[in-house]
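Visitor: The structure that follows is given in the form of structure tokens.
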Amino acid sequence: MSQGVLVIEPSATLSNLLVRTLSAGSYSLTSVTHDFEEALTLIKESVERERPFDAIILGVPPRVANPIKPLLKFLQRQGPASKIPFLLVIHDKHVILERWADNRGHSAIVPWQRFSQIPAILTGMIPEPTPKKASASDEPDASAVSVLFVDDSQSARYAYRQLLESRGFPVDVASTVAGAETMAAQGDYDLMIVDYYLPDGTGDELCRRIRNLPNCAGATLAIITGSYRETIIKSCLEAGAIECMFKNEAKELFITRVASIARGILTRKSVEAERQRLDGILGSVGDGVYGVSTSGEITFINPTGVRLLGYAEEAELVGELAADSLHHDDADHNDRLEDCYRSGHALSGMETMFKHRRGHPLPVECTVFPLSIKQQRKGAVVVFRDISERKSVDQLRWEVSHDSLTGLANRRHFSQHLDRQLERLHEEGGYDALLCVDIDRFRDIIESGGEAEGDRVLAEVAERLGTRLRDRDLLARLEADRFALLLSRIQLSTLFTIADEFRGVLAEVQAERFGVRRPVTGSIGVVILTRMTPSAEYALEHARIACDHAKKKGRNQTHIYLSEEDTRTARELESGWEDRFKDAIRNDRFVFLAQPITPIDSSPTLQLVDEAGNVVKEEPRELIFELLLRMVSRDGQWVSPNVFVPLAERVNMVQEVDLWVIRNALIKLEEMAAENYNVCLTVNISNVTLQDLDALRLIRDVIESRRMEPNRLIFEVTETSEMASLHSARKFMLELRKLGCRFALDDFGTGFSSFTHLKHLPVDFIKIDGMFVQAMVNDDVDRTMVNSITSMAHALGLATIAEHVDSEETLEAVRLAEVDFVQGHYLGEPMLLDTLDLDAMLEAQRPPAAGDQSSGSGGHG
């Protein structure tokens, strides 16, 4: 079975020229590629299948590039590849390539000036070419295609006119740009063939003028020239010409090209006639049919569709947005329909609701067909039918109030239920809570796994959230990846914990992002509902604002919205927490988890060198751990810092918590130093403490009272924090740096003020946010961000730490980016500080080799 010809040419313009030449010479094409590596792969695969190409044509770049060398080497090997006929099309004489072709055999060199001879050369190289079968029906009706031929040479005009008329084409001629423009404006030409060089302008200029003539919008333009310069060919094609022909090519090839163009013109005329016929058919079918542009604008609608929707005529809908005029506000699938309009996705037999002119819902079954014209997406055609009779009242009621993907209540139903609950609160008092849950980076899930993966994640998230509900609670899907929960009759003292438990439930769902399966995270905004809450719309909007605030804090956070008028609610919310913190501090009901921060350099020792570069001393590298704080409740359960840190800030206890952390971290460092362990600990310090000069004095006193080197203590300042005063923070840090303490800027790159913080704050380390690190293996933008941050940090004399290194591939990526330290689940899970085996870590003191397994970076706790 013939495999056809493979064309390899980096230039799209020249490759099109080769394709047209081969087509005119009756050779079939298997593939066209602009990439040499891809070409080599295609050739190898054809040889391995024992079905090699009939021939290969390689367009050699003006400067022979290294990428073609593997290709030439493979084709010269002994075996089937060495027998494939091979043409090299060159711009200039090349002695080395000519010698290579002679040595290989089955090869030929063809200058671009003789490209029209390629079909004839192939005929001599391929024993049995694959000609196209021609029939009388392939010949176009030349008499139906009128031609205007423009050339300044009288002999050329005469010769080509004779040639075209001999094949049945009616022909007029012109010799100048102005003359041709006048004739085009007055005549009705299907095809205009224009010489490039004319006395009063160029062919591309004439093409542009003709395109602007009202009666020539549908005319076909072609250029004929004696030049092979790519810039000329490209400018003509950009001006509207669809074909570029050459004066020195064989006349039969010229006629073949014109015949091919004529067939296209006749096809277009036939399509237009067919369109008019279809308009008549559309007017008589029993289903509604309408077209939409990619922006969702209605372009046409048939009489049946106009009647089903209750309108009098098509003009009332054409030009309107389908989302406004046709989609019912309570329908579940509006987003999917609008996505089909934009993306060109097909949809079959979807049941939804359209909006009748009188406002009531119209149950319909619709099918969406993508609409493409000349390989360009132009929107979609939608066919719909009224299915009211087959819908029961109960089924319609359920569909109006529920989301079809998850089975949850939809926004309309949720809002109505929320209104009823607010009426109850107004009469009875008490507290309810509205939680807005938004999946973090859901767009990445869609881009990586497609809509099917997105739908699976949404359905599973809905199921998991539903397992935590009580009978009187309600869960809904508001839109896209946003859910809402209404929790009735809650105790404010437990609201933080309850909200954070819902956030934790999301981690039970796994989603694929860029080839890696990771737990889903979400941001939660909370609004406390009281008898003073004015409306459902108010509550939903402020829950959304709180959710957005949680995202701005770094995602995977919980934020409770409290207005200035909610002072009583705030007091009750905070009641008891101050005593809990004091009790926890007094009874040491906090625990430290430790996660290693590992040097990317595998050397177990640090070499100190003098000015001449000589090693004067070697000492063991320090072991660095980030301390992650957990609060222990009275029942022995660990409380996440996402819960207790915001509360500690609200009741002005966060400074006391920070002092407890620093004091106990110093004790641990003293104990380790006494056993000759070279260990450093990083601790997170809140933004509130950074602004507190009294806290600074107490911290300084604690550090000075201990018998250990202060440089073993590293403070982490969160880059995403909203610092009230950079001046105060800088003063705080400079004072502790005088003692020898070091500082790290955490979550770098996530905030708008990253570089402002870096400029003003005296830090020693930059911790690159895991958002960039996790996806850098498959994402060029994230990889560039990590490389740029690392380069900038090194230029400033700072060390870098990559967070969330969760796989061997990510470890290798940050190694190539020349990051200094790494932290993540692949290097070591957080574990109780008191259970660390420091001796074993000193023996390893390097990132794991390929195949080892461990695992995520921590936060302030």
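Visitor: For the subset of the stretch 86-109 comprising residues that are under 44 Å from the mean Cα position of the chain (by Cα) and not acidic (D, E), which member is most open to solvent (accessible area, probe 1.4 Å)?
Guide: Among residues in the stretch 86-109 that are under 44 Å from the mean Cα position of the chain (by Cα) and not acidic (D, E), the one most open to solvent (accessible area, probe 1.4 Å) is H91.
Visitor: Could you tell me whether the stretch 563-584 includes any residue that is at pLDDT 70 or above and β-branched (V, I, T)?
Guide: No: zero hits.
Visitor: Would you be able to say whether some residue in the stretch 719-737 is modelled with pLDDT under 85 and surrounded by 23 or more Cβ atoms within 10 Å (Cβ to Cβ)?
Guide: Looking through the stretch 719-737, at least one residue is modelled with pLDDT under 85 and surrounded by 23 or more Cβ atoms within 10 Å (Cβ to Cβ).
Visitor: Would you please list the contacts, defined by Cβ atoms under 8 Å and residues six or more apart or on different chains, that run from a residue in the stretch 624-637 that is assigned to a strand (DSSP E or B) to a residue that is among the acidic types (D, E)?
Guide: If the second residue must be among the acidic types (D, E), the pairs left are E626/E716.
Visitor: Here's something else I'd like to know. I'm trying to understand the selection: among the residues of the stretch 186-202, which are under 16 Å from V147 (Cα atoms), open to solvent by less than 50 Å² (accessible area, probe 1.4 Å) and touching a helix residue (DSSP H, G or I) at 6+ places or on another chain (Cβ under 8 Å)?
Guide: Y189, D190, L191, M192, I193, V194, D195 - these are the residues of the stretch 186-202 that are under 16 Å from V147 (Cα atoms), open to solvent by less than 50 Å² (accessible area, probe 1.4 Å) and touching a helix residue (DSSP H, G or I) at 6+ places or on another chain (Cβ under 8 Å).
Visitor: Evaluate the following for F74: is it in a helix (DSSP H, G or I) and under 19 Å from E37 (Cα atoms)? If you could, list the steps in order and put the result at the bottom.
Guide: Details: in a helix (DSSP H, G or I): yes; under 19 Å from E37 (Cα atoms): yes.
So F74 fits the description; yes.
Visitor: Does any residue of the stretch 446-462 turn out to be modelled with pLDDT under 90, of a type in the set (S, T, Y) and within 29 Å of R630 (Cα to Cα)?
Guide: no
Visitor: Among the numbered criteria (1) over 27 Å from A346 (Cβ atoms); (2) open to solvent by 70 Å² or more (accessible area, probe 1.4 Å), which single criterion is violated by K378?
Guide: (1)
Visitor: Quick check on this structure: which one of R257, R263 is surrounded by fewer than 18 Cβ atoms within 10 Å (Cβ to Cβ) and of a type outside the set (A, V, I, L, M, F, W, C)?
Guide: Answer to the check: R263.
Visitor: Looking only at the stretch 340-358, which residues are more than 18 Å from R385 (Cα to Cα), touching a helix residue (DSSP H, G or I) at 6+ places or on another chain (Cβ under 9 Å) and open to solvent by 40 Å² or more (accessible area, probe 1.4 Å)?
Guide: Selection gives H345 alone.
Residue-by-condition table, conditions (1) farther than 22 Å from K83 by Cβ; (2) in a loop (DSSP other than H, G, I, E, B); (3) open to solvent by less than 60 Å² (accessible area, probe 1.4 Å); (4) modelled with pLDDT of 80 or more:
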| position | (1), (2), (3), (4) |
| --- | --- |
| V7 | no, no, yes, yes |
| P10 | yes, yes, yes, yes |
| S15 | yes, no, yes, yes |
| V19 | yes, no, yes, yes |
| S23 | yes, no, yes, no |
| I43 | no, no, yes, yes |
| S46 | no, no, yes, yes |
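Visitor: Scan the stretch 461-475 and give yes if some residue there is in a strand (DSSP E or B) and surrounded by 17 or more Cβ atoms within 10 Å (Cβ to Cβ), otherwise no.
Guide: yes
Visitor: Then there's this: With the requirement that a residue be at pLDDT below 85 and of a type in the set (F, W, Y), what does the stretch 25-41 give you?
Guide: Y27 - this is the single residue of the stretch 25-41 that is at pLDDT below 85 and of a type in the set (F, W, Y).
Visitor: Spot the failing condition for N678; the list is (1) crowded, with 22+ Cβ neighbours inside 10 Å; (2) polar (S, T, N, Q); (3) more than 21 Å from L758 (Cβ to Cβ), and only one is missed.
Guide: With respect to (1) crowded, with 22+ Cβ neighbours inside 10 Å; (2) polar (S, T, N, Q); (3) more than 21 Å from L758 (Cβ to Cβ), N678 is out only on (1).
Visitor: Applying the selection to the stretch 152-167, what residues are touching a Pro at 6+ places or on another chain (Cβ under 9 Å) and surrounded by fewer than 18 Cβ atoms within 10 Å (Cβ to Cβ)?
Guide: D152
Visitor: Looking for something within 20 Å of H413 (Cα to Cα) and open to solvent by less than 20 Å² (accessible area, probe 1.4 Å) - is there at least one such residue anywhere in the stretch 499-522?
Guide: Checking the stretch 499-522: not a single residue is within 20 Å of H413 (Cα to Cα) and open to solvent by less than 20 Å² (accessible area, probe 1.4 Å).
Visitor: Can you give me the number of residues within the stretch 364-402 that are within 22 Å of Q416 (Cα to Cα) and either touching a helix residue (DSSP H, G or I) at 6+ places or on another chain (Cβ under 8 Å) or basic (K, R) (or both)? Write out each step before concluding.
Guide: If we filter the stretch 364-402 for residues that are within 22 Å of Q416 (Cα to Cα), which is where we start, we get 393-402.
After this cut, where a residue has to be either touching a helix residue (DSSP H, G or I) at 6+ places or on another chain (Cβ under 8 Å) or basic (K, R) (or both) as well, the list is 397, 400-402.
So the answer is 4.
Visitor: A further question follows. Looking at I223, I298, which is the one that is over 39 Å from the mean Cα position of the chain (by Cα) and part of a strand (DSSP E or B)?
Guide: From the options I223, I298, the qualifying one is I223.
Visitor: Which numbered condition trips up Q557, out of (1) at pLDDT 90 or above; (2) surrounded by 18 or more Cβ atoms within 10 Å (Cβ to Cβ); (3) closer than 24 Å to N642 by Cβ; (4) of a type outside the set (K, R)?
Guide: It fails just one condition, (1).
Visitor: For I699, work out the one condition from (1) open to solvent by less than 40 Å² (accessible area, probe 1.4 Å); (2) not in a helix (DSSP H, G or I) it doesn't fulfil.
Guide: Going through (1) open to solvent by less than 40 Å² (accessible area, probe 1.4 Å); (2) not in a helix (DSSP H, G or I) one by one, I699 breaks only (2).
Visitor: Looking at the structure I just gave you, is V393 open to solvent by 20 Å² or more (accessible area, probe 1.4 Å), within 30 Å of L529 (Cα to Cα), of a type in the set (A, V, I, L, M) and modelled with pLDDT under 90? Give the steps one after another, and end with the answer.
Guide: On the way: open to solvent by 20 Å² or more (accessible area, probe 1.4 Å): yes; within 30 Å of L529 (Cα to Cα): no; of a type in the set (A, V, I, L, M): yes; modelled with pLDDT under 90: yes.
For V393, the condition - open to solvent by 20 Å² or more (accessible area, probe 1.4 Å), within 30 Å of L529 (Cα to Cα), of a type in the set (A, V, I, L, M) and modelled with pLDDT under 90 - is not met.
Visitor: Since E829 meets every condition but one in (1) assigned to a loop (DSSP other than H, G, I, E, B); (2) modelled with pLDDT under 75; (3) of a type in the set (D, E, K, R), which condition does it not meet?
Guide: (2)
Visitor: Quick check on the stretch 493-513. Is at least one of its residues assigned to a loop (DSSP other than H, G, I, E, B) and at pLDDT below 90?
Guide: Of the stretch 493-513, the ones assigned to a loop (DSSP other than H, G, I, E, B) are 509.
Then drop every residue that is not at pLDDT below 90, which leaves none.
No, the stretch 493-513 has no match at all.
Visitor: Further question: Does the stretch 612-665 hold any residues that are modelled with pLDDT under 80 and open to solvent by less than 10 Å² (accessible area, probe 1.4 Å), and which are they?
Guide: V643, L647
Visitor: Here is a follow-up. Please state which one of R544, R456 is farther than 21 Å from L418 by Cα and not hydrophobic (A, V, I, L, M, F, W, C).
Guide: Exactly one of R544, R456 is farther than 21 Å from L418 by Cα and not hydrophobic (A, V, I, L, M, F, W, C), namely R456.
The values are calculated or read from the model by the stated rules, or taken from the named source; none is laboratory data. Just so it is clear, the structure is predicted and the values come from calculations on it, not from any experiment. As a convention, Cβ positions derive from the backbone with ideal geometry for all residues, glycine included, and neighbour counts pool all protein chains shown. These accessible areas exclude ligands, DNA and RNA; they are computed on the full protein's heavy atoms, side chains included. Shrake-Rupley method; radii C 1.70, N 1.55, O 1.52, S 1.80 Å.
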